[in-house]
Structures are given as structure tokens and as C-alpha cells.
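The values are calculated or read from the model by the stated rules, or taken from the named source; none is laboratory data. No experiment lies behind these values; they were computed from the predicted model shown. Backbone-built Cβ (ideal geometry, glycine too); neighbour counts: all protein chains shown. The protein model used for the area step is the full one, side chains on, heavy atoms only, and it has no ligands, DNA or RNA in it. Shrake-Rupley method; radii C 1.70, N 1.55, O 1.52, S 1.80 Å.
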Amino acid sequence: MNPLLNALNLNRSSVADAYGLNSKKTDTSKTDTSKTDASKTESSTDANSSTKDTPKTEAKPSDEIALSPRALRAQKIQAMSKDFFADGQFSVSDIPALVSRLQKDGILSDAQVERLSQNGINLPSQKPSKQSLQDFIDDELKSLAEKSPNSPMINTLVDAKNVLSNMDDAQSPVLAQKATKVFGQLTDYLNSNPTLSDSQKQLWQGLKSTMQVASSMGMQQSASGQLSSYLALAKR
């Protein structure tokens, strides 16, 4: 090559280096590379953001388990007890609503309600007493303690009060058996034709009917109808 051309090219390269032209090209190249990297980073960030924004399917809590028929029945009985017996003001006038509620909730079957009716459950036919059965029991216990402290009816009434106070556990075999026992004892008492006023007789009948209903709510009673021997007493 011509020595002159070589000298010119060398001079041009030196001038370019002197003014930083070649370094600008290098910087431009580096900038383009940085832009490419930034683009990749943004793309990666968008992808991650998209992944994070994707709604996740929430797992159902482990405690959301279907209740067994027995547990569901117990739950309904507890709700019934809260509505009718928790305040201690259950009275004879509440018996029809109680039976209707138990039938509606499936605690008593239609056949059980029919059997209760056939075997002498007494629903008030006249204006029912508003006195609570708890207060009635307390009054009778006080009277018996003063006049007949050895009367077997004292234990009967104590057991009846215990049943009324624990109606939230009415499907318990123990409570159902106690209610059945009290029902039989009250039936015997009323069949002995004690001297009672109309209002007193209504309260005694109401207490007996409530024990009859309570005894029907026990699991073993609903399954096998073991009340028949006691319910037959009511027909006398």
C-alpha cells in the first residue's frame, strides 16, 4: 500500500482517538447492551408480576367437615333448648310450639308425634297457665317440704327439674331414661285422682307432657320406640 495513504489513515485514527470518537462508539455499544439487559429484566419482572397476580385457589379450612346425623341432631336440640328452656320460663302454653319445632327440625318424626298424641300427651285445651314449670316445681317442692317431707313426689319433682335444666342434652340416654321415669311417676300420681284445682291440674299435666316429649327425644327412644310401656300408662 502507498506509504502516504498509510500515514493518512494513521493520522485519522489518532485524531479520532484524541477527540474521543472511537470511545463513543464503544460506549454506544455498551449502552445498547445495557438496554438489552434492561429489557430482559423488565420482561422477567412482568412475568413474575403476572405469576403473582394470578389468583390462587384458597384451600378450604380443615374444620369444614360435614356433620354426622347424630351431631347435627345434637346441634338442633341445643338450639331448641336455648330458645325454649335456657331462661327457665318454659310454660304449659309453650308445649304446642315445642312439639311443632321438634317435628319441623326432624328431632321427632311424624310417627313419634302421632304416637305421643295417641298415648295421651295433654295439650292445653283452655287458656294455658303462664307460670313457668320451673317455678311450679319450686312451689310444689316448698309445699311438700312443709306438709309432706317424706313424700316420694319430692324426688320426682327434683328429677323433673333436672330434666328441664338439661334439655340441651336431651338425646342423652341417661336424661331420656330419667324423663321416662318421671313421666311414669307423674302418670301414676295423676291417675290417683289427687285433689287439685283446675290450674294445678293443668300444670301437673303440662309437666307430665313435657317429660313425655323429653323422653321421646333420646336417641334410643327414637330408634326403637322403647317408650311404649310407659306411654301406655297415660291411657288409664
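So that you can scan it fast, the table gives a plain yes or no per residue for (1) assigned to a helix (DSSP H, G or I); (2) at pLDDT 90 or above; (3) open to solvent by 10 Å² or more (accessible area, probe 1.4 Å):
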site: 120; (1), (2), (3): no, no, yes
site: 124; (1), (2), (3): no, no, yes
site: 134; (1), (2), (3): yes, yes, yes
site: 145; (1), (2), (3): yes, yes, yes
site: 215; (1), (2), (3): yes, yes, no
Query - Boolean, residue 185 is open to solvent by 50 Å² or more (accessible area, probe 1.4 Å), assigned to a helix (DSSP H, G or I) and either modelled with pLDDT of 95 or more or more than 19 Å from residue 152 (Cα to Cα) (or both) - result: yes
Query - Enumeration of residues in region 87-118 that are open to solvent by 60 Å² or more (accessible area, probe 1.4 Å), closer than 23 Å to residue 173 by Cα and free of Cβ contacts under 8 Å to residues at least 60 places away in the same chain - result: 100, 103, 104, 110, 111, 114, 117
**Report entry** First in region 196-211 and within 13 Å of residue 131 (Cβ to Cβ), second anywhere and of a type outside the set (A, V, I, L, M, F, W, C), Cβ under 6 Å, 6 or more apart
**Finding:** 199/129; 202/129; 203/129
Report task. Inspect region 152-167 for any residue being of a type in the set (D, E, K, R), in contact (Cβ under 8 Å) with a residue 40 or more places away in the chain and part of a helix (DSSP H, G or I) and give the result as yes or no. Result -> no
